[in-house]
Amino acid sequence: MEIISMYPSRCLGVLTVQTSRYYYAFPNDGRPVKLAVAVLWTLGAFQLACYTQSFYWWFVTNYHNPLAQQWLPWEFAIYSLNATCSSLIVQTFFAYRVYSLSGNLYLGVLVQGLVLLQFGFSAASCIKLFMIGLPQKPDSCKECDRLAEVWLIIQAIADLQVHHLCVTYCDIGAPGSRICIPPQF
């Protein structure tokens, strides 16, 4: 159990350090950005709790119960939905960043459209996962798999597009611009 939750716990530790460094480095950012960072940290902590509880249910509580292994604990569906909401917040921020760097409303709307599309597929996948019933039915899981595949493909396209546009417009922008400050490690 300790090994299973070690990686997500470390990720939350990294997120905590990044959050505190953000608040220290950018005290003059607006309230919406500061609120988004606080919400993301809270979602990260809640996600770790759901992840740990799910694996505790599978590997400790029901270790010797093969029938229980067919069931999905509700925390697992909440974990996935939580990750989806975190992704929506981060990608919406980057859609705004693309708009602010480029000054092109159409690029911002295009990126935000992809963000909302992938959020819709991921939310549908999570809700379907929660609703298919427990125990799992193989045919129902195939539908969840298709929804998840579309979600992940759209998310990859959105991530690549955001990365490309941010790098392109940061290279074009003025060096030392507040928007294009490289990360400090």
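The values are calculated or read from the model by the stated rules, or taken from the named source; none is laboratory data. Please read all numbers here as calculations on a predicted model, not as lab measurements. Note that each Cβ is placed from the backbone with ideal geometry, even for glycine, and that neighbours are counted across all protein chains shown.
Observations on the structure shown:
- Restricting the first member to the range 155-171 and to residues that are surrounded by fewer than 18 Cβ atoms within 10 Å (Cβ to Cβ), and the second to residues that are among the small types (G, A, S), the beta-carbon pairs closer than 8 Å and six or more apart or on different chains are C170/S177.
- Among residues of the range 24-37, those that are in a helix (DSSP H, G or I) and either surrounded by 14 or more Cβ atoms within 10 Å (Cβ to Cβ) or β-branched (V, I, T) (or both), counted: 4
- Qualifying residue in the range 146-157 (condition: at pLDDT 75 or above and within 25 Å of T19 (Cα to Cα)): yes
- Residue in the range 82-113 that is nearest to K128 (Cα to Cα), counting only those that are of a type in the set (A, V, I, L, M) and surrounded by fewer than 19 Cβ atoms within 10 Å (Cβ to Cβ): A83
- Residues that are without any contact (Cβ under 8 Å) to a residue 60 or more places away in the chain, of a type outside the set (A, V, I, L, M, F, W, C) and over 14 Å from W151 (Cβ atoms), drawn from the range 61-85: T61, N62, Y63, H64, N65, P66, Q69, P73, E75, Y79, N82
- Only residues that are outside any loop (DSSP other than H, G, I, E, B) and either at pLDDT 55 or above or under 30 Å from P73 (Cα atoms) (or both) were counted in the range 158-179, giving 15.
- Among the numbered conditions (1) within 30 Å of Y24 (Cα to Cα); (2) touching a residue at least 12 places away in the same chain (Cβ under 8 Å), the only one that T42 does not meet is (2).
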